[in-house]
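Here is the structure we will look at.
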Amino acid sequence: MAAESGKVNQLLKKYGVFIECPYDKVRCVLTGHELKPTVSALEVSETVSLIANEGYALQEYIKSPKFQSAYDVHQILMENPDVFEELNKNLLGCKYTRRVLSRDRQTLLNHLNGKLFLRKKAKG
């Protein structure tokens, strides 16, 4: 049990987007998902784990497309804190180009590598 607790703490520190909740659970700040902090995957059907959010292992959640997408966007925003401002839950605004962008990894990367953005950023 102590070894599993160490692995859980490693995963929580590695990503840094989880906070402790009451009743021995952790909450993902990015998605709002609450789960019990266990590392090993449990033999639970997908529908039960999605409905009850119980027994959904931490590693399985971290591998999920929803978390990966939210974490990728989070990383881009942390690398470029002076570029984007949050307009609402799904939209971001670029401070340089005054464009409204969806909160999507590929959209943000395309914008950061685009000609207009690079030209406006070089101007200052």
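The values are calculated or read from the model by the stated rules, or taken from the named source; none is laboratory data. Note that this is a predicted model, so its numbers are computed, not measured. All Cβ positions, even for glycine, are placed from backbone atoms using ideal geometry, and neighbour counts span all protein chains on display.
Just for the stretch 61-100: of the residues that are surrounded by fewer than 14 Cβ atoms within 10 Å (Cβ to Cβ) and among the aliphatic types (A, V, I, L, M), which one is farthest from V8 (Cα to Cα)?
Ranking the candidates gives V100 first.
Every residue in the stretch 107-124 that is exposed (fewer than 11 other Cβ atoms within 10 Å of the Cβ) and either within 16 Å of the chain's Cα centre (by Cα) or of a type in the set (K, R) (or both), please.
If the condition is that a residue be exposed (fewer than 11 other Cβ atoms within 10 Å of the Cβ) and either within 16 Å of the chain's Cα centre (by Cα) or of a type in the set (K, R) (or both), then K115, K123 are the ones that fit.
Select from the stretch 20-48 the residues that are modelled with pLDDT of 90 or more and either loosely packed, with under 12 Cβ neighbours inside 10 Å or in contact with a Gly (Cβ under 7 Å, 6 or more places away or on another chain) (or both) and list them in ascending order.
The one that is modelled with pLDDT of 90 or more and either loosely packed, with under 12 Cβ neighbours inside 10 Å or in contact with a Gly (Cβ under 7 Å, 6 or more places away or on another chain) (or both): G32.
Any idea how many residues of the stretch 97-116 are under 15 Å from D72 (Cβ atoms) and assigned to a helix (DSSP H, G or I)?
Number of matching residues: 8.
Tell me which residues, restricted to the stretch 72-96, are part of a helix (DSSP H, G or I) and either charged (D, E, K, R) or out of contact with any strand residue (DSSP E or B) (no Cβ under 9 Å at 6 or more places or on another chain) (or both).
Within the stretch 72-96, D72, H74, Q75, M78, E79 qualify.
Take S102 and tell me if it is in contact with an Asp or Glu (Cβ under 8 Å, 6 or more places away or on another chain) and not assigned by TED's automatic domain parsing to the domain that holds K25. Lay out the reasoning, then the answer.
Numbers: in contact with an Asp or Glu (Cβ under 8 Å, 6 or more places away or on another chain): no; not assigned by TED's automatic domain parsing to the domain that holds K25: yes.
When the stated conditions are applied, S102 does not pass them.
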